[in-house]
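Working notes for the structure below.
The values are calculated or read from the model by the stated rules, or taken from the named source; none is laboratory data. Keep in mind that what you see is a predicted model, and the values were worked out from it rather than measured. So basically every Cβ, Gly included, is an ideal-geometry build from the backbone, and we count neighbours across all protein chains shown. Note: areas computed on protein heavy atoms with side chains; ligands, DNA, RNA excluded. Shrake-Rupley method; radii C 1.70, N 1.55, O 1.52, S 1.80 Å.
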Amino acid sequence: MDLASRYKGVVGLVFGNENSGSNEDSYVERLLDRISNGVLAEDRRTAMVELQSVVAESQAAQLAFGAMGFPVLMGVLKEERDDVEMIRGALETLVSALTPLDHVRGPKNEVQPALMNTDLLSREAENISLLLSLLSEEDFYIRYYTLQILTALLTNSPNRLQEAILTIPRGITRLMDMLMDREVIRNEALLLLTYLTREAEEIQKILVFEGAFEKIFSIIREEGGSEGGVVVQDCLQLLNNLLRNSTSNQVLLRETMGFDELISLLKLRGSAYSFTQQKTINLLSALETINLLMVGGSEADPGKDKNKMTNKTVLVQKKLLDYLLMLGVESQWAPVALRCGALRSIGDLIAGSPKNVDALSTKVLGEETQVEPALNSILRIILRTSSMQEFMAADHVFKNFCERNSDGQSMLASTLTPQPHSMTHAPIEEDVNMSFGSMLLHGLTLSESDGDLETCCRAASVLSHVLKDNIQCKERVLRIELESPTPSLGPAEPLLHRMVKYLALATSTKKNRDGKSSTTGNLYVQPIILKLLVTWLAECPKAVQCFLDSRPHLTYLLELVSNPSATVCIRGLAAVLLGECVIYNKSGESGKDPYTIVDAISQKVGLTSYFLKFDEMMKTFPFSPIKPAELHKPLTRSPAASMEEIEEVDEQDSPDQKIEDHPILSSTFDSYFVNFVKRLETNIRETIVDVYSRPKSEVAVMPAELEQKSGENDKDYIKRLKSFVEKQCSEIQNLLGRNATLAEDLAKIGGGGSSQAEQRASGASERVQAEKLRRDLQEAYQRIEILKAEKAKIESEASMYKSLAGKTESDLKSLSDAYNSLEQANFHLEKEVEALKNGGASTVGDIDIDIGAIKAEAREEAMKESETELNDLLVCLGQEQSKVEKLSAKLVELGEDVDNLLEGIGDETGMPEDEEEDED
């Protein structure tokens, strides 16, 4: 009744007052009364039809039905199984009560009757059990409506339904049986199981045990594989739910059915050129399944890595690589999202697997007349595609191909040979017959003719993968020299110098165009070229020497670090590049040695400002330690809606998007590069402090004081030299100490702007003293916090002991009261015995009663009882006295006055006397 009244109150809230929904309430109530109390069967069926109609059309009727209709209809389902028409009507009415009315538009915060009814129906596990039992009925509509009700319950109350189904014997089995039913029921059961297995691990295991894999692939075959309709999508979604984060289920699929059925979905057949909306969605779902197998399971599973490698090996053995290359590389008529998905799957398939990397390096594509390596085709996609997503996906392939693959890197680097001047400026479409390296160099130098810096940036990203952690490749590419655009104007220049030139060109291009007219590509050109240069110079002194061979390079970097119009990320990467010119600099040549670089940084930028560039860069999005994880978002079941998602894959990023949030930078600055830069930063700080605290060079000119004066004997000359050397040593030590202090201060303490050398020297001692005072103050604060914590602990213990003392006092008072009560009871018993003794003997009827004997017996029993109770009380008093003594000692230790705490205890009721008088 409380629930019914609550629902009636909700009707009033929704429609303004309690009488607003009175018409619907009374009408629904009359119909329910006819159904439950009607005599004629036909009249009850008519009432059921009318009830279904009104509930399907009115929110007020849905609310009214929820308040009083469920017990009636559940009773019909339970007791009238023979009346098929009534059962159908009851189920159809329940479906209407649980279905939101789309045509009714109200405020967003308006109560939803369908959700409230779902909550009400799912509260009782008996209701779920009753509905599952209806799945065994022979009537088609009964099974169909029952599945619709369960789906509605699962959509709005998933946890309750999952728990209820797990507790019902054979609950999952009954749902699995529906997969072998007629097509309409099978599809409803498929949807229900898809919702049911999204988060419930136990249900997933039961489904797999019940043969879910076989039934799923059987339905996919019946529907026509990837050419099938939305049912294939539902099957693959259910399959993905079973495999996601479950190593055991993946192993079971691999060892029972294998991956052949899954891989065959990706095989393009006769209609390879035709990609309908639903076919594209089905192929994307199959690619998602492949990716789940390559993940291997949940992060917490210890067998994840082994399972992942086994899955990858088996997938390549089953020729998955060929099908993925067909989808992602050769099928240029396929939708962009599908090509991107296939390319990313190729990258994931070869990641960490040397055998799969070798397999990809040997793959060739094309027809017999025009055959080229698969890597060349993927590189052409990078250079030519107009889709940012496709570039990122293809770049992902090269990143994983070169990862810990020095042989593969050397193989690619060996093909880097400059083309003749005529081919260098040829259109990009004429690169079909070029080698991998020639095509890459062509992309790097193409901007020389048409200013296409984006193509150069993409080629630079690939080159950074080829050079990463490979000194031999770095030195080999250093020897590549490119012809000048006009050979008569100058000699050939190294490729490294050309990259710096393009970096400066990107800066000037960005300056010449105002922010509104700049292209999206220019947002990430500079960071990617800077990443290439940072990767190239790392641990390669020859590359540093080549970079510094051109004096304008150092000047340009210093300007870029302090350029306020550059982004934080660009300034930070430029600072890293400058730092590499210090830590990997083995040159002793004047003007190129580490001290010269550090001195230039100090003079032009300022060490404090320079070190701040690292801190600012680490706070930007690409270098953030926590990046938002990509949440699993299943494709919308509606084909039209799903295609909208697919077509918008390249429209997610607006031209006004900040550079730090650009998706290409999130992909390019992966965790490896971020950690690499963090390690570099530490090394750069330490090296610069060390260099700055050492003298620039040895004295090259002989001071006049060191020359022997005329008429000066050797002894005086040696003495004067000794004094001069001691003085110089003292000055040098003072200078070294001052520089070291200043350098450490600049490395540790942040601040804004650059300062002059004289200001830093004069203020060094003040800063050191301020730092010392700051440390002393911090230590004092720490001691204060420790004392506060100890004080709080002592106060807490004192409070606890006070409460214990109070409790003990209360217990003692209770025992004293009990003892006094026993004394009074004993006194009354003695008086009664005395009275009986004085009264003599009396006769009741014809029986004489010895009053004296009765009195003696009563007295004896009373005395025994009193003695027993007194002994117990004395034992309790002894125990309590011991506790009081211990607590008193503890309170004395804590500084509490025990006498004040115990003052007044025992005054009202004194302790009873232990001695008792015996009475004859």
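Does segment 232-251 contain any residue that is in contact (Cβ under 8 Å) with a residue 12 or more places away in the chain, farther than 25 Å from residue 172 by Cα and open to solvent by 50 Å² or more (accessible area, probe 1.4 Å)? Break it down stepwise before answering.
Narrowing segment 232-251 to residues in contact (Cβ under 8 Å) with a residue 12 or more places away in the chain: 232-251.
Next cut, farther than 25 Å from residue 172 by Cα only: none.
Within segment 232-251 (the criterion being in contact (Cβ under 8 Å) with a residue 12 or more places away in the chain, farther than 25 Å from residue 172 by Cα and open to solvent by 50 Å² or more (accessible area, probe 1.4 Å)), the answer is no, since none of the residues qualifies.
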Log entry, pairs with first residue in segment 865-892 being buried (at least 16 other Cβ atoms within 10 Å of the Cβ), second being small (Gly, Ala, Ser), beta carbons closer than 6 Å, six or more apart or on different chains, reads 887/805
Long-range neighbours under 8 Å by Cβ, at least six apart or interchain, first residue open to solvent by less than 10 Å² (accessible area, probe 1.4 Å) within segment 391-412, second charged (D, E, K, R) | 391/458; 393/339; 393/344; 402/468; 409/468
Scan segment 28-56 residue by residue and report those that are over 15 Å from residue 91 (Cα atoms), surrounded by fewer than 18 Cβ atoms within 10 Å (Cβ to Cβ) and not basic (Lys, Arg).
-> 29, 33, 36, 37, 38, 39, 40, 41, 42, 43
Which of the following residues is open to solvent by less than 10 Å² (accessible area, probe 1.4 Å), touching a helix residue (DSSP H, G or I) at 6+ places or on another chain (Cβ under 8 Å) and not β-branched (Val, Ile, Thr): 554, 558, 573, 523?
-> 573
When restricted to 544, 576, the only residue assigned to a helix (DSSP H, G or I), in contact (Cβ under 8 Å) with a residue 60 or more places away in the chain and within 19 Å of residue 469 (Cβ to Cβ) is 576
Among the listed residues 601, 528, 597, which satisfies the condition of being closer than 30 Å to residue 386 by Cβ, open to solvent by less than 10 Å² (accessible area, probe 1.4 Å) and outside any loop (DSSP other than H, G, I, E, B)?
-> 528
Identify all residues within segment 366-392 that are in contact with a Gly (Cβ under 7 Å, 6 or more places away or on another chain) and either part of a helix (DSSP H, G or I) or within 19 Å of residue 446 (Cα to Cα) (or both); write none if there are none.
-> 383
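One line per residue, one yes/no per condition, for (1) polar (S, T, N, Q); (2) modelled with pLDDT of 55 or more; (3) open to solvent by 50 Å² or more (accessible area, probe 1.4 Å):
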| site | (1), (2), (3) |
| --- | --- |
| 433 | yes, yes, yes |
| 461 | yes, yes, no |
| 466 | no, yes, no |
| 495 | no, yes, no |
| 498 | no, yes, no |
| 501 | no, yes, yes |
| 505 | no, yes, yes |
| 509 | yes, yes, no |
| 514 | no, no, yes |
Taking segment 667-717 as the search range and keeping residues that are touching a helix residue (DSSP H, G or I) at 6+ places or on another chain (Cβ under 6 Å), open to solvent by less than 100 Å² (accessible area, probe 1.4 Å) and not in a helix (DSSP H, G or I), which one is modelled with the lowest pLDDT?
-> 708
Selection within segment 62-104 - in a helix (DSSP H, G or I), open to solvent by less than 10 Å² (accessible area, probe 1.4 Å) and over 22 Å from residue 138 (Cα atoms) = 62, 63, 64, 65, 66, 97, 98
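Look through segment 338-380, keep the residues that are free of Cβ contacts under 8 Å to residues at least 40 places away in the same chain and touching an Asp or Glu at 6+ places or on another chain (Cβ under 8 Å), and return whichever of them is least open to solvent (accessible area, probe 1.4 Å). First the steps, then the outcome.
Just the residues of segment 338-380 that are free of Cβ contacts under 8 Å to residues at least 40 places away in the same chain, to begin with: 358, 362, 364, 366-369, 371.
Then keep just the ones that are touching an Asp or Glu at 6+ places or on another chain (Cβ under 8 Å); that gives 364, 366.
Values: 364: 91, 366: 51 Å².
Looking at residues that are free of Cβ contacts under 8 Å to residues at least 40 places away in the same chain and touching an Asp or Glu at 6+ places or on another chain (Cβ under 8 Å), I get 366.
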Can residue 222 be described as touching a helix residue (DSSP H, G or I) at 6+ places or on another chain (Cβ under 9 Å) and not basic (Lys, Arg)?
-> yes
Taking first residues from segment 292-307 that are of a type in the set (Val, Ile, Thr) and second residues anywhere that are part of a helix (DSSP H, G or I), the pairs with Cβ under 7 Å that are 6 or more apart or on different chains are 295/308
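This table checks each residue for (1) closer than 30 Å to residue 895 by Cβ; (2) open to solvent by less than 70 Å² (accessible area, probe 1.4 Å); (3) free of Cβ contacts under 8 Å to residues at least 40 places away in the same chain.
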residue: 790; (1), (2), (3): yes, no, yes
residue: 793; (1), (2), (3): yes, no, yes
residue: 797; (1), (2), (3): yes, yes, no
residue: 807; (1), (2), (3): yes, no, yes
residue: 812; (1), (2), (3): yes, yes, no
residue: 819; (1), (2), (3): no, yes, no
residue: 824; (1), (2), (3): no, no, yes
Odd one out for residue 323 among (1) open to solvent by 50 Å² or more (accessible area, probe 1.4 Å); (2) within 27 Å of residue 462 (Cβ to Cβ); (3) in contact with a Phe, Trp or Tyr (Cβ under 8 Å, 6 or more places away or on another chain) = (3)
